[in-house]
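Chemist: Could you have a look at this structure, given as structure tokens, before my questions?
The values are calculated or read from the model by the stated rules, or taken from the named source; none is laboratory data. Because the structure is a prediction, the values reported are computed rather than measured. All Cβ positions, even for glycine, are placed from backbone atoms using ideal geometry, and neighbour counts span all protein chains on display.
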Amino acid sequence: MADLDQFRAETRAWLDANCPPEMRTPMRSEKDACWGGRHFEFQSPAQKQWLDVMASRGWTVPDWPKEYGGGGLSPAETKVLKEEMAALGCRSPLTSFGISMLGPALLKYGTEEQKKKYLTEIARGEIRWCQGYSEPGAGSDLAGLQTKAEDKGDHYLVNGQKVWTSYADQADWIFCLVRTSSESKHGGISFLLFDMESPGVTTKPILLISGNSPFCETFFDDVKVPKDQLVGEENKGWDVAKYLLGHEREMISGMGLGGEKQALGATVGEVDLLLRAEIAAFDVDAIAFSAMSERFIDQLKAGEAHPAMPSMMKYAGTELNKRRHELLMAAGGSDTLEWDSDRSKGGKAARDWLRTKANSIEGGTSEIQLGIVAKHILRLPGA
Amino acid sequence: MMTLTDDQRMLQDTVRPFMAEEGAIKTQLRHWRDIGCEDGFGHGLWKQFAELGLTGILIPEAQGGAGLGQVEAGVVLEEIGRNLTPSPYLMTSVAAVRALEGSAQAERWLPGIGAGETVAALAIDEGRHHDPASIALEARRSGNGFSLNGAKQFVVQGASADVILVAARTAGSAGETDGLTLFAIDRDAKGLDIDNVALTDSSKASRLTFNNVEVDADAVVGEVDGGWTPLSRALNAGRAGAASELVGVAAGASDMTFEYLKQRKQFGKLIGEYQALQHRAAHLYGEIEIARAVALKAAQLLDAGDPRAELMTSVAKTKAARTAALAVQEGVQMHGGIGMTDEHDIGLYMKREIVLGELFGGPRYHSNRVAELSGY
């Protein structure tokens, strides 16, 4: 415990000395996040400086092993670092699907060479990853995917289409589920990594109801993928995919936390009594969920979490986030209905509200998550 | 860390089978209910609690207790809730012990509580809703002590208590937290009328009428006019404890229900095969996990003396009550007709939840408190 107290004191001093003041203000939107990658345009010198100094300490991924660019911290130390960053208001230095999704899967299923190369690049924010999972005919029934990878000796030849590929137009590499065998549904899937600049890859942003295009359609036309970019065994990709999905759901569940330190009711100004009561009921659920989130992470690190718990967390967190934005719209009244005025910051409230409707769809719908909990935790028959 | 320590887990490993065996619905709740017991609980089991060291869980070691905290009390209460075990544990060993701690009255009452021989009650509510700041029962200076006049209700186990901790007003007016004083009063005090009533869940509570009840100055717990301090300690502990017990009620009811989904067949299929029920069951499971997490968080903050405990305790009480209400309502509905019978236990969970949900303030009281503590 004394060691941990010392670590806390040192960490606080180091963060205070090294985190630029601009990086201690709350992020206003996803756009304020540092995503890294070949083409990332830093918003300020401070953003780049913060990434560099944290990456050099391994603290973009504090609990990954040092040999892969991580900080080698214990779960307890990682928690202390997060607490101290929160106390000083430090922004996350790097947000990426490499950290939250691919990294954990590579740590478990990657070869030594893969871990050395890809994890180090992720930790330093050099490569931005996107996720090639859903297809037009494979949404909730993800294992029904048809994108084909043919064995051509030293490489696979990939043909097909993905959809809802988040930020595919800005990503450098993709982790992609492909069909290497048609003999078995789940047992014919493989997990490939490849460069989005490979010949034959094209992306097309999808305009959403929010007016934004965070998702793309991604097309593969005779894309050559070297065989050493297969993760795990051929036709065993579903295991990797599911493991990664657990981490994706864990990440998405974080939306339940909202990112505000204050209770919702303290941020919305004057509201009538009925709305105040609804908001208070929401704040109770939100604060309770944040306690659950803390407990879930502690259980994960202690190896006590049920493997299907990310599904419960994802369900609870995303439903909560949708409710938060419903209440924000109700509290804002007609002010929040303006779509492109400067006064409304370009319709931010309404666009954010619409964006949240995807929370309970992406990464597996709420109904899929409930089905997983019913089957794997409650062990209900036929689920 | 929001996981139980090894010691806390050992306590849970001891209490869980003990409560399932000795505190079972059939031998405790139904037994005392069906014979019309005036106390609504068994003193034999209370003594067994003492032998296991549970009654003195919050009593300092120097005074013969275990010197443990709210987290450990919560571990015990969750098992009590799971088995609907009637006992004075929440009111006596948790709330009253916290009220008495550090006071001159502690030495008089704590040994008996630790030994499982003394039962204590708290007299707070005066109207049909919990609102401790509005306490108006009058305690007027009289000779060397005070004279009490007024009424209390929802005094859990008041007729069984050896000592009743009564929150009264010695100064100020209703609505103010200053000017309250907490008195430790003998059940047999002259002028005190106790109307012992059975509640929906077969537990007993009293309506008390104070008619010039004379008490000595040394009956005061803590400071005159400063009763809010011990009262707040008792309320925080009681609310967090009730949250833990409600988590147990929710867990007990839902376990029974999930089991039923795997046994009951209709249309030639187990009803648990229907997605309409699967999703509701899965949602309920998640709510219980969340309620358990926030009950633990509130207990940890109380034990750490963290100022956020006030807010978290109200969040925990609300979330646990709402969750337990969901669990018992889904429980009865999914059991169908059999769930409406007295013979089946699921309805007993529903009856316990409605009482425990109201005790120390219902979910609306505490949601409002969350709003106020959050600055709106």
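Chemist: Quick check, is A:S344 surrounded by 13 or more Cβ atoms within 10 Å (Cβ to Cβ), more than 26 Å from A:T165 (Cα to Cα) and more than 14 Å from chain B (Cβ to nearest Cβ)?
Modeler: yes
Chemist: Mind checking whether some residue in the range A:315-329 is among the small types (G, A, S), at pLDDT 95 or above and farther than 23 Å from A:E260 by Cβ?
Modeler: No; the residues of the range A:315-329 include none that is among the small types (G, A, S), at pLDDT 95 or above and farther than 23 Å from A:E260 by Cβ.
Chemist: List the pairs whose first member sits in the range B:185-213 and is part of a loop (DSSP other than H, G, I, E, B), whose second member is among the small types (G, A, S), and whose Cβ atoms are under 8 Å apart, counting only residues at least 6 apart or on separate chains?
Modeler: Within 8 Å, the pairs are B:R187/B:G158; B:R187/B:A159; B:R187/B:A161; B:L199/B:A205; B:S202/B:G40; B:S203/B:G40.
Chemist: If I go through the range B:60-70 residue by residue, how many of them are surrounded by fewer than 24 Cβ atoms within 10 Å (Cβ to Cβ) and either part of a helix (DSSP H, G or I) or among the hydrophobic types (A, V, I, L, M, F, W, C) (or both)?
Modeler: 5
Chemist: Please specify each residue of the range A:267-284 satisfying the condition of being at the interface with chain B (Cβ under 10 Å from one of its Cβ atoms), of a type outside the set (K, R) and more than 17 Å from A:T336 (Cβ to Cβ).
Modeler: A:A277, A:A280, A:A281, A:D283, A:V284
Chemist: Can A:L370 be described as crowded, with 20+ Cβ neighbours inside 10 Å, within 24 Å of A:D272 (Cα to Cα) and within 14 Å of chain B (Cβ to nearest Cβ)?
Modeler: no
Chemist: Cβ-Cβ below 7 Å, separation at least six or inter-chain, first residue in the range A:298-325 and within 9 Å of chain B (Cβ to nearest Cβ), second part of a helix (DSSP H, G or I) and among the charged types (D, E, K, R): which pairs?
Modeler: A:S311/A:R249; A:M312/B:E289; A:M313/A:R249; A:M313/A:E250
Chemist: Taking the condition within 21 Å of the chain's Cα centre (by Cα) and either surrounded by fewer than 19 Cβ atoms within 10 Å (Cβ to Cβ) or modelled with pLDDT of 95 or more (or both), does A:H376 pass?
Modeler: no
Chemist: Suppose we filter the range A:253-266 for residues that are surrounded by fewer than 20 Cβ atoms within 10 Å (Cβ to Cβ) and facing chain B (nearest Cβ under 9 Å); how many remain?
Modeler: 2
Chemist: Is it true that A:E250 is away from every other protein chain (no Cβ under 14 Å) and either hydroxyl-bearing (S, T, Y) or within 28 Å of A:S29 (Cβ to Cβ) (or both)?
Modeler: Working: away from every other protein chain (no Cβ under 14 Å): yes; either hydroxyl-bearing (S, T, Y) or within 28 Å of A:S29 (Cβ to Cβ) (or both): yes.
Yes.
Chemist: Report yes if some residue within the range A:258-265 is part of a helix (DSSP H, G or I) and either in the same structural domain as A:C90 (by TED's automatic domain parsing) or farther than 20 Å from B:A243 by Cβ (or both); otherwise report no.
Modeler: Looking only at the range A:258-265, we keep the residues that are part of a helix (DSSP H, G or I), and these are A:264-265.
Cutting the leftovers down to either in the same structural domain as A:C90 (by TED's automatic domain parsing) or farther than 20 Å from B:A243 by Cβ (or both) gives us A:264-265.
Within the range A:258-265 (the criterion being part of a helix (DSSP H, G or I) and either in the same structural domain as A:C90 (by TED's automatic domain parsing) or farther than 20 Å from B:A243 by Cβ (or both)), the answer is yes, since at least one residue qualifies.
Chemist: Only one of these is under 23 Å from A:E278 (Cα atoms), at the interface with another protein chain (Cβ under 10 Å from one of its Cβ atoms), out of contact with any Pro (no Cβ under 8 Å at 6 or more places or on another chain) and surrounded by fewer than 21 Cβ atoms within 10 Å (Cβ to Cβ): B:R292, B:R280. Name it.
Modeler: Selected residue: B:R280, the only one of B:R292, B:R280 that is under 23 Å from A:E278 (Cα atoms), at the interface with another protein chain (Cβ under 10 Å from one of its Cβ atoms), out of contact with any Pro (no Cβ under 8 Å at 6 or more places or on another chain) and surrounded by fewer than 21 Cβ atoms within 10 Å (Cβ to Cβ).
Chemist: Within the range B:265-277, work out how many residues are without any contact (Cβ under 8 Å) to a residue 40 or more places away in the chain and more than 7 Å from chain A (Cβ to nearest Cβ). Can you show your working first?
Modeler: So the first thing to find is which residues in the range B:265-277 are without any contact (Cβ under 8 Å) to a residue 40 or more places away in the chain, and the list is B:265-270, B:272-276.
Among the residues that remain, those that are also more than 7 Å from chain A (Cβ to nearest Cβ) are: B:265-269, B:274-276.
Looking only at that region, the number is 8.
Chemist: For the range B:358-376, check the following and say yes or no: at least one residue is of a type in the set (G, A, S), in a helix (DSSP H, G or I) and more than 11 Å from chain A (Cβ to nearest Cβ).
Modeler: Within the range B:358-376, none of the residues are of a type in the set (G, A, S), in a helix (DSSP H, G or I) and more than 11 Å from chain A (Cβ to nearest Cβ).
Chemist: Could you list, in sequence order, all residues of the range B:4-41 that are within 14 Å of chain A (Cβ to nearest Cβ), surrounded by 14 or more Cβ atoms within 10 Å (Cβ to Cβ) and assigned to a loop (DSSP other than H, G, I, E, B)?
Modeler: Answer for the range B:4-41, where residues must be within 14 Å of chain A (Cβ to nearest Cβ), surrounded by 14 or more Cβ atoms within 10 Å (Cβ to Cβ) and assigned to a loop (DSSP other than H, G, I, E, B): just B:L4.
Chemist: Would you tally the residues in the range B:300-357 being more than 11 Å from chain A (Cβ to nearest Cβ), in contact with a Gly (Cβ under 8 Å, 6 or more places away or on another chain) and in a helix (DSSP H, G or I)?
Modeler: Within the range B:300-357, residues that are more than 11 Å from chain A (Cβ to nearest Cβ), in contact with a Gly (Cβ under 8 Å, 6 or more places away or on another chain) and in a helix (DSSP H, G or I) number 15.
Chemist: Moving on to the next point. Here are some residues: A:A33, A:A86, A:A123. Which one is within 27 Å of A:G258 (Cα to Cα), modelled with pLDDT of 95 or more and among the small types (G, A, S)?
Modeler: Answer to the check: A:A123.
To keep it simple, each residue is scored yes or no on (1) within 21 Å of B:K47 (Cα to Cα); (2) surrounded by 24 or more Cβ atoms within 10 Å (Cβ to Cβ); (3) touching a Gly at 6+ places or on another chain (Cβ under 8 Å); (4) modelled with pLDDT under 95.
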residue: B:S93; (1), (2), (3), (4): yes, yes, yes, no
residue: B:A96; (1), (2), (3), (4): yes, yes, no, no
residue: B:E107; (1), (2), (3), (4): yes, no, no, yes
residue: B:I124; (1), (2), (3), (4): no, yes, no, no
residue: B:G127; (1), (2), (3), (4): no, no, no, no
residue: B:E138; (1), (2), (3), (4): no, no, yes, no
residue: B:N144; (1), (2), (3), (4): no, no, no, yes
residue: B:A159; (1), (2), (3), (4): yes, no, no, no
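Chemist: Identify, from the list B:G238, B:G227, B:G248, the residue that is crowded, with 24+ Cβ neighbours inside 10 Å and over 27 Å from B:F183 (Cα atoms).
Modeler: Selected residue: B:G248, the only one of B:G238, B:G227, B:G248 that is crowded, with 24+ Cβ neighbours inside 10 Å and over 27 Å from B:F183 (Cα atoms).
Chemist: Going by what's in this entry, would A:G132 be described as buried (at least 24 other Cβ atoms within 10 Å of the Cβ) and in contact (Cβ under 8 Å) with a residue 60 or more places away in the chain?
Modeler: When the stated conditions are applied, A:G132 passes them.
Chemist: Going residue by residue through the range A:136-144, is there one that turns out to be surrounded by fewer than 17 Cβ atoms within 10 Å (Cβ to Cβ), outside any loop (DSSP other than H, G, I, E, B) and of a type outside the set (A, V, I, L, M)?
Modeler: Yes, there is a match, as at least one residue in the range A:136-144 is surrounded by fewer than 17 Cβ atoms within 10 Å (Cβ to Cβ), outside any loop (DSSP other than H, G, I, E, B) and of a type outside the set (A, V, I, L, M).
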